[in-house]
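The values are calculated or read from the model by the stated rules, or taken from the named source; none is laboratory data. Being a predicted model, the structure only gives us computed values, none of them experimental. Using ideal geometry, Cβ is built from the backbone for each residue, glycine included, and neighbour counts are taken over all protein chains shown.
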Amino acid sequence: MWLIISIVINVGLLAYFKYYNFFAESLIKLMASVGIETHLQVLNIVLPIGISFYTFHGLSYVIDIYNKRIDPSENLVNYSLFVSFFPLLVAGPIERATHLLPQIEQPRIFRYEKAVDGMRQMLWGFFKKIVVADSCATYVNMTFDNPTNHSGSTLLFGAILFAFQIYGDFSGYSDIALGTARLFGFELLNNFTFPYFSRDIAEFWRRWHISLSSWFKDYVYFPLGGSRLGLLTSIRNTVIIFLISGFWHGANWTFVVWGLYHALLFLPLLLFNINHKHKDVVATGLFLPNLKEWLQIISTFFLVTIGWIFFRSSDLAGSFVYIKRIISQSLFTIPLLDHLKMPLAYISICIVVEWLHRDKIHGLQITRLKLQSVRWILYLLLVMVCIAQFRHNQEFIYFQF
Amino acid sequence: MKPFVINVLFLSGLLTAILTASLFGIPNIAAQHSLLGALPDKHKMLMEAGSPKIVFVGGSNLSFGLESKKIHERFKRPVVNTGLHAGIGLRYFATDVLPYIQDGDIVVLCPEYQHFYTDLFYGDMELVSVLFDIFQDGRKHLSFEQWYNLIDLVPRYAISKLKFQTRNENNATDVYSRKSFNTFGDAYLHWSRQRTKIEHAIPCTGKEVVNPKSIAFIREFSQSVKSKGASLCVLPPVYAATSFNNQRIMIKSIEQEMNAYGVAFITDPVRYKLADTLFFNTNYHLTKKGVDMRTKMVMDDLQKTGLFH
């Protein structure tokens with residue numbers, strides 16, 4: 001009973017703030033299409049920042065107590081800190097009570113190595129956000145704001161740059177959050193493990209926004225029966241998870257289609273039972289992947305990038321126009337080069353650094369560099385590049401979710 | 001924890017030392033030879049112009065949009081076009097000319113629209129460049145509030161000075177060089193050049209708000225000018241038609257605020273909405289044909305103010 005009340009309150013608030021207008025407007029349009037005029041009031045309210053994230057924190061707490069995975073916290077301060085822990089308040093990672101609350105309840109001890117590595121992770125996060133993601137923004141905005149004004153090749157680069165913008169933006173934020181928490185002695189759930197080195201979509205989803213994927217798996221997929229009740233149930237549950245995941249990102253059909261698109265990419269792997277094929281780190285012990293792995297990585301990235309077009313477009317019609325214009329003769333022309341060279345250079349640096357550290361927690365876990373002076377020069381260079389590239393009014397994309 | 005704090009402090013100190021050395025120790029030759037480097041030249045023009053003179057104050061809509069010689073011939077007065085770059089900021093470029101204003105002068109203030117609703121009012125990277133590498137005395141003109149708005153640009157500027165500079169230091173054909181100005185302060189090298197495609201201002205979202213401080217500052221500036229026995233006219237900037245249409249709501253708000261503060265434009269801003277084809281490379285920089293048209297309009301508008309007898 002209490003569980004239901006808690007879920008209704010949490011989900012109800014989220015639905016009210018985030019989805020009410022979407023359903024109201026969709027209903028008005030639907031009724032209008034059959035000639036019925038509907039007078040539903042559309043709300044003019046501000047979406048509380050990070051609501052999707054802390055709602056899920058709260059839900060995980062009550063569900064875990066109900067499932068006896070954790071005892072209720074007797075300390076209001078500890079519970080409040082769990083729900084509102086500042087590094088992850090606005091854009092995650094979505095923490096679990098079972099993981100974070102015990103850390104809060106224990107006394108913390110300062111560890112030099114941990115604090116230093118936290119600082120490194122923060123620095124790498126700032127680099128990905130300020131340098132990689134924000135440098136892509138100009139080109140991405142230009143192509144997505146006016147797709148009809150640009151050639152197919154320019155639009156293709158716009159989509160590729162958006163793939164890195166959203167990665168740099170969100171994984172950058174996650175690295176900053178994880179690094180900050182580590183500095184204070186907390187270990188948060190890892191949210192990204194180099195997803196663009198994935199060899200198929202299933203691996204991509206084990207490496208992208210891990211805290212959300214695992215949340216849905218534990219609190220929605222398994223309660224619905226998971227894969228225990230046969231293939232059809234498994235397919236149904238997978239589609240539901242991807243649709244909810246898309247809808248979680250925002251009240252827009254573009255996100256729903258993005259979720260459905262990924263479900264369609266995932267289902268063949270599920271049907272052939274090869275969705276757990278790639279669980280290791282790609283090209284372990286080797287400097288470069290083999291040809292097969294190259295092709296797998298590039299094709300997975302290509303498929304993910306198509307999905308990002310739906311995600312980034314303001315409406316479905318816009319995303320189809322974008323894709324249609326890419327698939328045209330102008331795809332084979334020279335793309336617009338303004339605002340393209342520097343983002344590509346920064347993306348290349350990001351890829352090389354992350355490839356070299358693909359078996360680590362983050363891109364700047366530089367255990368290979370033994371000389372302290374060399375490490376410090378690297379830190380100074382990264383800080384200076386971040387300062388030089390810093391621009392006002394470049395918010396994190398995931399703040400809106 | 002002690003070694004960690006010491007290391008963090010040491011790295012922070014090292015970074016601060018590098019930035020400080022760059023800021024004060026490395027000359028920015030490129031900036032000194034760019035159009036920003038013409039600021040001391042314009043001070044000299046103001047000093048030598050005599051009085052009563054006409055002083056145009058604004059950003060590049062003036063430097064790249066006026067032929068002052070014609071104005072001088074029409075009104076038989078010395079004319080100085082102090083326009084350089086919008087990034088210097090309304091607050092700075094207006095304050096900068098005040099010491100040179102004398103009894104009987106006519107000051108024509110013509111800021112870009114962005115000065116009214118963005119932080120450009122306080123200045124941008126160009127102002128930081130001026131303050132550290134072109135006219136250090138200018139730092140005295142800055143208020144605490146202005147420093148506060150510029151402070152995060154200073155480290156960025158210091159780092160930008162560490163970059164390898166490939167700009168030709170003394171390029172007399174560059175339209176953005178110090179040498180691109182005539183004796184009146186008008187940039188003229190672009191008059192003989194082909195126009196390029198201009199990027200239009202994005203449409204207003206409706207969320208932009210006029211910065212009341214920029215309007216209050218104009219009123220304050222007007223009083224300072226009057227206290228010196230001079231007169232102030234506030235002229236709308238010239239603006240490419242597409243950008244004007246995109247920003248129409250904002251421009252209307254600016255006009256209304258100006259009227260409310262008693263520092264109205266001397267003419268309707270829509271009068272200076274000119275065809276996109278008259279613009280050289282931005283929505284504020286005119287081609288020669290545009291310059292001729294705009295200069296005539298400015299002369300007609302000034303004539304109507306009744307300040308010239």
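Data for the structure
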| item | result |
| --- | --- |
| Pairs with Cβ under 6 Å, 6+ apart, first in region A:113-140 and within 14 Å of chain B (Cβ to nearest Cβ) and within 19 Å of residue A:351 (Cβ to Cβ), second basic (Lys, Arg) and surrounded by fewer than 23 Cβ atoms within 10 Å (Cβ to Cβ) | A:134/A:391 |
| Residues (under 17 Å from residue A:178 (Cβ atoms) and among the small types (Gly, Ala, Ser)) located in region A:85-117 | A:91, A:92, A:115 |
| Sole residue being under 30 Å from residue A:61 (Cβ atoms) and among the β-branched types (Val, Ile, Thr), chosen from A:166, A:160 | A:166 |
| Counted residues, region A:325-343 - those being modelled with pLDDT of 90 or more, surrounded by 13 or more Cβ atoms within 10 Å (Cβ to Cβ) and closer than 17 Å to residue A:150 by Cβ | 3 |
| Within region B:112-144, considering residues that are touching a Phe, Trp or Tyr at 6+ places or on another chain (Cβ under 8 Å) and assigned to a loop (DSSP other than H, G, I, E, B), the one surrounded by the fewest Cβ atoms within 10 Å (Cβ to Cβ) | B:142 |
| Per-region count, region A:372-401, residues in contact with a helix residue (DSSP H, G or I) (Cβ under 7 Å, 6 or more places away or on another chain), modelled with pLDDT under 90 and more than 10 Å from chain B (Cβ to nearest Cβ) | 5 |
| Options B:10, B:4: the member that is in contact with a Phe, Trp or Tyr (Cβ under 6 Å, 6 or more places away or on another chain), within 14 Å of chain A (Cβ to nearest Cβ) and part of a helix (DSSP H, G or I) | B:4 |
| In region A:220-238, the residues that are assigned to a helix (DSSP H, G or I) and either surrounded by fewer than 18 Cβ atoms within 10 Å (Cβ to Cβ) or among the acidic types (Asp, Glu) (or both) | A:220, A:231, A:232, A:233, A:235, A:236 |
| Residue ID - farthest from the chain's Cα centre (by Cα), chosen from residues in region A:144-155 that are without any contact (Cβ under 8 Å) to a residue 24 or more places away in the chain and within 20 Å of residue A:334 (Cβ to Cβ) | A:149 |
| Test result for residue B:23, more than 14 Å from chain A (Cβ to nearest Cβ), in a helix (DSSP H, G or I) and under 26 Å from the mean Cα position of the chain (by Cα) | no |
| Considering residues of region A:103-112 that are touching a residue at least 12 places away in the same chain (Cβ under 8 Å) and away from chain B (no Cβ under 14 Å) only, the residue farthest from residue A:173 (Cα to Cα) | A:105 |
| Failed item in (1) surrounded by fewer than 20 Cβ atoms within 10 Å (Cβ to Cβ); (2) within 20 Å of residue B:302 (Cα to Cα); (3) in contact (Cβ under 8 Å) with a residue 12 or more places away in the chain; (4) of a type outside the set (Ser, Thr, Tyr), with residue B:210 passing the rest | (2) |
| The lone exception for residue B:252 - which of (1) in contact (Cβ under 8 Å) with a residue 12 or more places away in the chain; (2) over 21 Å from residue B:55 (Cβ atoms) it fails | (1) |
| Every pair of residues 6+ apart whose Cβ atoms lie under 7 Å, when the first sits in region B:78-103 and is part of a helix (DSSP H, G or I) while the second is among the hydroxyl-bearing types (Ser, Thr, Tyr) | B:86/B:60; B:90/B:214; B:91/B:122; B:93/B:82; B:97/B:82; B:98/B:224 |
| Pairs where the first residue, in region A:163-192, is on the phi > 0 side of the Ramachandran plot and outside any helix (DSSP H, G or I) and the second is surrounded by fewer than 24 Cβ atoms within 10 Å (Cβ to Cβ) and modelled with pLDDT under 95, C-beta under 8 Å, 6+ apart | A:185/A:103; A:185/A:108; A:185/A:109; A:185/A:110; A:185/A:111; A:185/A:114 |
| Boolean, residue A:303 is under 20 Å from residue A:195 (Cβ atoms) and among the aliphatic types (A, V, I, L, M) | yes |
| Unmet requirement for residue B:221, which otherwise passes all of (1) under 30 Å from residue A:389 (Cβ atoms); (2) modelled with pLDDT of 90 or more | (1) |
| Qualifying residue in region A:253-272 (condition: among the polar types (S, T, N, Q), crowded, with 17+ Cβ neighbours inside 10 Å and not in a helix (DSSP H, G or I)) | no |
| Selected residue (only one of B:56, B:75, B:24 is buried (at least 22 other Cβ atoms within 10 Å of the Cβ) and among the aromatic types (Phe, Trp, Tyr)) | B:56 |
| Residue in region B:169-190 that is among the acidic types (Asp, Glu), part of a loop (DSSP other than H, G, I, E, B) and farther than 23 Å from residue B:41 by Cα present | no |
| Scope region A:346-371; condition surrounded by fewer than 18 Cβ atoms within 10 Å (Cβ to Cβ) and either within 11 Å of chain B (Cβ to nearest Cβ) or modelled with pLDDT under 85 (or both); matching residues | A:367, A:368, A:369, A:370, A:371 |
| Candidate set: region B:145-168, residues that are outside any helix (DSSP H, G or I) and modelled with pLDDT of 75 or more; chosen: the one farthest from the other protein chains (Cβ to nearest Cβ) | B:151 |
